[in-house]
Amino acid sequence: MKSVKVVVVGAGVVGLSTAVCIAEALPFCSVTLLADKFSPNTTSDVAAGIMFAAQFPDVPQEQQKNWYKDTFDHLLKIAESKQSPEAGVMLFSGYQIFKEVPVQKKPIWAEFVFGFRLMSDRELERFPDHKFGQAFTTIKCECTSYLPWLEKRFRKAGGMVEQRKVNSLEELSGSYDIIVNCSGLGSKTLVDDSQVYSVRGQVLSVQAPWLKNFIRDGDGKTYIFPGIHSVTIGGTRQDDDWRMEVSKEDTEGILQRCCRLEPSLSKAKILHEWVGLRPSRKNPRVEREEVPMHGRKVPVVHNYGHGGYGVTLAWGTALDALGLVRQCLHEMLPQARL
Ligand SMILES: Cc1cc2nc3c(=O)[nH]c(=O)nc-3n(C[C@H](O)[C@H](O)[C@H](O)COP(=O)(O)OP(=O)(O)OC[C@H]3O[C@@H](n4cnc5c(N)ncnc54)[C@H](O)[C@@H]3O)c2cc1C
């Protein structure tokens, strides 16, 4: 019998990853996933999905490395399996280029991707505005395929799914023993977190099957990422901008900047334009607390605020969230072997 009821709020890449980790590792728990939006309508669906992360100021470096490595290893297994096209996960190679030589020439994740090296002068010749570059093979995870694939995996592990808006965590406390909050930007109101803000991003998907290698400007605003069915080009990073409409001006800016890096894009057909609001925070919040609700203390595990790196860190932070759920269970059921 499933004796402990766990609810996960949020069906983006973070919520689904967390729900799968819990349902697969703790079969004696009944796990329900609640969200008001599912794929293809989440922010995660807009993500270009390249495995790339910046550093958060207050999270220990080792923990950030683990988040990256755990996610990379998990996605690599999928990319190397026959599930790769259905799950939308693939290996790809390319360049990250910089107008000025960065202080940190080798990012903390350099040891996890394949074949990390600095670009040669000859390779840099085609980018006359850029002085420095890194070449490596990494992973692209396309969430419009990956999220439905994860949801299937979650259901297979016995998970239940319900579409519903949650107005306060208190409304869940009567029905569930442990609440896991993966509501991304929704946490601003759901748990009243004033540190959460939006960083707007606009991207285009274009038809350019001749492009196989990615190019990313180190400023994070301009990129060309070939994928399974189309090429994602972007983008924008607009702080505290909550507009969900596609901006014509942004589209023109994206095309202009990307064509400067890859002139053949002027021949590409635009397939789709997307906007997403990155759920940003100074540091992601992966922690647990006991919240008084209706006369009892309810264990709440938070996992949100991944900003522009949610796809890259989702599996790693989901494993940490699973560890926090286990801690809650140990306290609730001290005799149990978990
Ligand atoms: C243009 C763009 C490009 C990006 N590129 C990359 C990239 O290349 N690599 C990378 O790693 N990341 C990238 N990102 C960032 C990535 O998309 C996010 O970090 C990630 O999607 C966050 O996932 P999430 O699950 O936390 O949030 P979301 O995907 O926003 O999911 C939140 C979920 O919570 C639910 N929810 C919220 N509030 C409530 C409520 N009150 N009741 C019920 N449900 C609720 C929502 O309905 C949704 O299901 C990009 C983002 C953008 C916009």
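Can you confirm whether the range 248-269 contains a residue that is exposed (fewer than 14 other Cβ atoms within 10 Å of the Cβ), more than 10 Å from the ligand (Cβ to nearest atom) and assigned to a strand (DSSP E or B)?
Yes: one or more hits.
Going by what's in this entry, would Leu91 be described as in a strand (DSSP E or B), aliphatic (A, V, I, L, M) and over 28 Å from His229 (Cβ atoms)?
no
Filter the range 270-286 for residues that are farther than 21 Å from Thr232 by Cα and either outside any strand (DSSP E or B) or more than 18 Å from the chain's Cα centre (by Cα) (or both) and give the result.
Scanning the range 270-286 gives Arg281, Lys282, Asn283, Pro284.
Can you pull out the strands (runs of 3 or more DSSP E) entirely within the range 195-244 that have at least 3 residues that are within 27 Å of Val103 (Cα to Cα)?
Qualifying strands (runs of 3 or more DSSP E): 197-207, 214-217, 223-226.
Count, please, the residues in the range 173-194 that happen to be under 17 Å from Gly15 (Cα atoms), assigned to a loop (DSSP other than H, G, I, E, B) and more than 6 Å from the ligand (Cβ to nearest atom).
Residues meeting the conditions: 2.
Within the set of pairs 6+ apart or on separate chains, which have a first residue in the range 22-39 that is in contact (Cβ under 8 Å) with a residue 24 or more places away in the chain, a second that is more than 9 Å from the ligand (Cβ to nearest atom) and charged (D, E, K, R), and C-beta atoms under 7 Å apart?
Phe28/Lys2; Cys29/Lys2; Ser30/Lys2; Ser30/Lys5; Thr32/Glu162; Leu34/Glu162
Hey, Phe52 hits all of (1) at pLDDT 95 or above; (2) under 15 Å from Thr138 (Cα atoms) but one; which does it fall short on?
(1)
Taking the conditions exactly as written (surrounded by fewer than 22 Cβ atoms within 10 Å (Cβ to Cβ), near the ligand (Cβ under 6 Å from one of its atoms) and of a type outside the set (Lys, Arg)), does Asp58 satisfy them or not?
No: the conditions fail for Asp58.
Any idea which of Asp320, Asp239 is crowded, with 20+ Cβ neighbours inside 10 Å and at pLDDT 95 or above?
Matching residue, one of Asp320, Asp239: Asp320.
Yes/no per residue for (1) within 13 Å of the ligand (Cβ to nearest atom); (2) over 30 Å from Val191 (Cβ atoms); (3) in contact (Cβ under 8 Å) with a residue 12 or more places away in the chain:
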| position | (1), (2), (3) |
| --- | --- |
| Gln134 | no, yes, yes |
| Leu147 | yes, no, yes |
| Lys152 | no, no, no |
| Lys165 | yes, no, yes |
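Being among the small types (Gly, Ala, Ser) and under 22 Å from Glu142 (Cβ atoms) narrows it down to one residue among Gly235, Gly253, Gly295, Gly305; which is it?
Gly235
Among what's in the range 10-52 and is more than 18 Å from Lys156 (Cα to Cα) and assigned to a helix (DSSP H, G or I), pick the residue that is farthest from the ligand (Cβ to nearest atom).
Here the residue is Asp45.
The values are calculated or read from the model by the stated rules, or taken from the named source; none is laboratory data. Just so it is clear, the structure is predicted and the values come from calculations on it, not from any experiment. In this analysis, Cβ positions are derived from the backbone assuming ideal geometry, glycine residues included, and neighbour counts consider all displayed protein chains.
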